[in-house]
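For reference, the structure discussed in these notes is given below.
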Amino acid sequence: MPFKQYICSASLIGLCGFTSLCSAVDHYTLQPVPFSGFLNDKGQIAGTQSVVGNNGNSNTHAVLWENGTVTDLGALGTDINGYSQSSAVAINANGQVIGNSTVYDQHGNAKGQHAFIWSKGIMTDLGALGTDTDGIGNSSAVALNASGQVVGNSIVYNSNG
């Protein structure tokens, strides 16, 4: 059964609640941490994994497992120390992944969390419905369909933030 093959491969042991055993991918080293993921009908799995960036920082990123390969989907920016964070929420039959990522201003200050969609190697910020008086805005992805339409939520701020 294909699903058992995926589960038993070293990079996917985490689906069973064990520790994933991954190595260098896209200039990041995946760390052995518990993994949770989302599976589509093609056997692709979107999840969240701890990675170590080029600068040595430990980051948490959305990742995609496909045909024995792990792809780091990245994040929507980094802080001044190079830290970044993203997490996967769902994957559709076309391999599009939705999730959430911390966003930062030009100075590396965290400015909330935004929903994203990742498709064919590109992560797109879905934005937020406004910000508070400090410029912080939040949104989150919840689900997507086969056409890539995303359902989510966002905090709407009034004129006082």
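Report relative contact order for segment 104-161 in percent, whole number only (criteria: Cα-Cα under 8 Å, sequence separation at least 6).
29
Return the sequence-ordered ³J(HN,Hα) values of segment 132-147 in whole Hz as given by the Karplus equation 6.51 cos²θ - 1.76 cosθ + 1.60 applied to θ = phi - 60°, using x for Gly and Pro.
Running phi through 6.51 cos²θ - 1.76 cosθ + 1.60 with θ = phi - 60° gives 7, 5, 8, x, 9, x, 9, 8, 8, 7, 10, 7, 9, 9, 5, 8 Hz.
Does segment 97-161 classify as rounded, prolate or oblate by the C-alpha gyration tensor (a ≥ b ≥ c root eigenvalues; a/c under 1.5 gives rounded; else a/b over b/c gives prolate, otherwise oblate)?
The shape class here is oblate.
Ordered by packing density, taken as the mean number of other Cβ atoms within 10 Å over each peptide's residues, highest first, how do 97-103, 80-86, 112-118 rank?
Descending mean neighbour count gives 97-103, 112-118, 80-86.
So how do 121-129, 37-45 stack up, highest first, on mean other-Cβ count within 10 Å?
37-45, 121-129
Quick note: the coordinates plus some simple rules give every number you see, no bench work behind them. Because the structure is a prediction, the values reported are computed rather than measured. Please note: Cβ atoms are built from the backbone with ideal geometry, for glycine as well, and neighbour counts cover all protein chains shown.
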